[in-house]
Structure formats: C-alpha cells, structure tokens
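Step one of this worksheet: look at the structure below.
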Amino acid sequence: MALKTSDLNAKLFGKADKRRASTPQEAQTAVKEKAAVIELAVAGEATVSFELKTIAAKDVATETLVFSENAREQAFLTEHALADILTTLRDRGQQFPAVGRWTDDGKIEVLDGSRRRMACILAGKPFLVYVAKGINAKHAKFLSDVANAHKPLSLYERGKEMQAMLARGDVSDQKELAKVCQCSEALVSGALKAADLPMELLMAYPSVSELGRPTIVKLHRMYFNLPKTEQDRLLDTICADEEPLWKQKRIQGLSRLTREVTLDLEEAVSQLAAPTTKAKAPKAKVEELVKGRVSFQRDEDKLTLKLNQLSEQQMSQLLDMVKEFIEH
C-alpha cells in the first residue's frame, strides 16, 4: 500500500532528532516544522545528522541531481505526472523537505524527493532538502527505495527493476519474479513488456505512470510487429517535433489525452505496416501494322507480334526469317 508523504517522512525520520523525538508523530512534527537538524538512524544502523538546506529556485536544476540508482525515471516527470503535488506546491510551497547527501563536488544528490525536486523546478519554487555527509551507497539505496513507496513506480520502472533482478540472477524466471515482487505473473509480464519499449515511444504520453497493462501490451504488440526499419521510422516521426506528442494536443483531462496519443500512435503504425504496392507501368499500346492481319506491341526492348490468317507455309517462312535476322 502506498504511504502518504507524512507517513513516509515519519518512517524516515522516526528514530530521533535534535529535540530527542521519541515517536514517529514527534519526528513528523519536527520535519513539518522544518527543524534545522535531524538525526536519522539510516536502515536502523549508523545515526547521521541531516541539516536543512534551502536551494533557490533558479539553482535547483544545477545545484542538485538525483541519485543514479533511483528507480524512478526522471524523464517521465512531467506536469501531468506531478499533478498530485504541483498545485499545492505552487500555492503553499514545499511542505515536506527532501533527503539528500553531499557529493564530492559540493552538489546535493537527492535520495528521497526527486518528484518534489522536479515540481520545484517546474513551479519555480525554492527546494527544501535535508542533507548529510558520509552516507554510503547501501544507505543511499535504502533511502531511495523507501521514498519510492509513496508514489508507485510506473510499469516501465518496475519492469527495469525486474530486468535487473533477472540479469543479476536474483530470480530465475517470471514466476519467481511474481513471488518475490508479490504481484501477479500478468503484472510481471506487462512490466517486462513496458521495459522493452523505447523511451521515445513512452514519452509521447503525458504521464507514463498512468499507463496501465492493456495499453502497454497494445503498444508492445504494435511496435514489435513492425520491421526494424519501420520501428526506426516510427521513432523518427515521434521525435520530429521539438514538443512531445501529448503537448501538441489541445485536450483537457489526462485520460482523454492519453487515449488520443494512443489513437495517433495506432494510426502511425497502421500506415507504416500497410503493404506498399509498386506502381505498375502503363500497359503498352497495341498498334496495327496490317489492318485485321498484323498487330504489334512495344514494351521497352520487347516486341510482340500478332499475325492472323497465316498458312502453315507462311508461319514456317516467317519463323525462319526471324531466326536468320536475330542470329545475324
């Protein structure tokens, strides 16, 4: 079950803060009140001090980056995908700080809060983030994974994680994947199909996280039924304009917009898949040489003669003449 943002922060900061919070509720209050420093026992192990930093709106994109192992695909974070937090953020600013660590070059790597980070960039708002030093890769991954529990990953993102598990040998097949991931085999199949699709195709949609299994299966079938050359042509068509396909629509409502993009892609695929018939050259005109007796037809280097009312002797003589003409 997805965690609320408040519950998520309580889970992350529920150990202790500088005010010696002893319950998740007290820790949640500390975060909500944006305490200057909070102590967090990451994954129940080492206790780390996080200091609250405010990044000016103009610097968020350049002074912060997202943890490379974050399962959430950052390219999918559009205004539609972030609609659940953008309105509140525009009106009241960021309510809960993100969590990050300092990099060697002095930037902030966001571990929890990549959606809040992008929402601040889109809304032109300052970005609040608790930052610490000395967080190792294992603890960074823990914080990133726990954070992603708030907003479920898209089928594409889940599929990428499943592909990685198969590649590492963590599981042997899709059946085992379903058990480990605690989901149906149908969902595993849909997620893996989504992960096979090219990013260009998925980014034609306003919110990839809203694409369900039926749409993913349809896209997979349409795309992979095309020959490789036609697949490339489809992607070239999608990427021809600077704006993604969904932005070219003047339609309100995420569901309608998603449906219209799918219809456009279906039309594009049907045109590429349609058999092309080679244009036939116009049939050569039949001309008469001797009215009612001899006609001929020219077709480039071919000549067809049609002779009527010939006797056996005339046929024989004519064939001999043609043979002698061709051979000499």
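The values are calculated or read from the model by the stated rules, or taken from the named source; none is laboratory data. Please read all numbers here as calculations on a predicted model, not as lab measurements. Note that each Cβ is placed from the backbone with ideal geometry, even for glycine, and that neighbours are counted across all protein chains shown.
This table checks each residue for (1) modelled with pLDDT under 90; (2) farther than 30 Å from Thr54 by Cβ; (3) touching a helix residue (DSSP H, G or I) at 6+ places or on another chain (Cβ under 8 Å); (4) charged (D, E, K, R).
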site	(1), (2), (3), (4)
Lys133	yes, no, no, yes
Lys141	yes, no, no, yes
Val146	yes, no, yes, no
Ala149	yes, no, yes, no
Leu155	no, yes, yes, no
Gly159	no, yes, yes, no
Met162	no, yes, yes, no
Met165	no, yes, yes, no
Gly169	no, yes, no, no
* Asked: Is it the case that segment 82-93 has a residue that's under 20 Å from Ala36 (Cβ atoms), touching a helix residue (DSSP H, G or I) at 6+ places or on another chain (Cβ under 6 Å) and modelled with pLDDT of 85 or more?
  -> no
* Structure fact -> When segment 79-95 is checked residue by residue, the ones that are buried (at least 16 other Cβ atoms within 10 Å of the Cβ) and among the polar types (S, T, N, Q) are Gln94, Gln95
* How many residues, within segment 67-110, are under 19 Å from Asp145 (Cα atoms) and part of a helix (DSSP H, G or I)? -> 3
* To do: Please determine, by comparing only the residues of segment 30-71 that are of a type in the set (Ser, Thr, Tyr) and modelled with pLDDT of 90 or more, which one is farthest from Pro97 (Cα to Cα).
  => Thr62
* Is it the case that some residue within segment 206-220 is modelled with pLDDT of 90 or more, of a type in the set (Ser, Thr, Tyr) and within 15 Å of Thr258 (Cα to Cα)? -> yes
* Structure fact -> The one condition Ile121 fails out of (1) within 30 Å of Ile251 (Cα to Cα); (2) in a loop (DSSP other than H, G, I, E, B); (3) not polar (S, T, N, Q) is (2)
* Among the residues of segment 68-94, write down those that are among the polar types (S, T, N, Q) and either touching a Leu at 6+ places or on another chain (Cβ under 8 Å) or not assigned by TED's automatic domain parsing to the domain that holds Lys53 (or both). => Asn70, Gln94
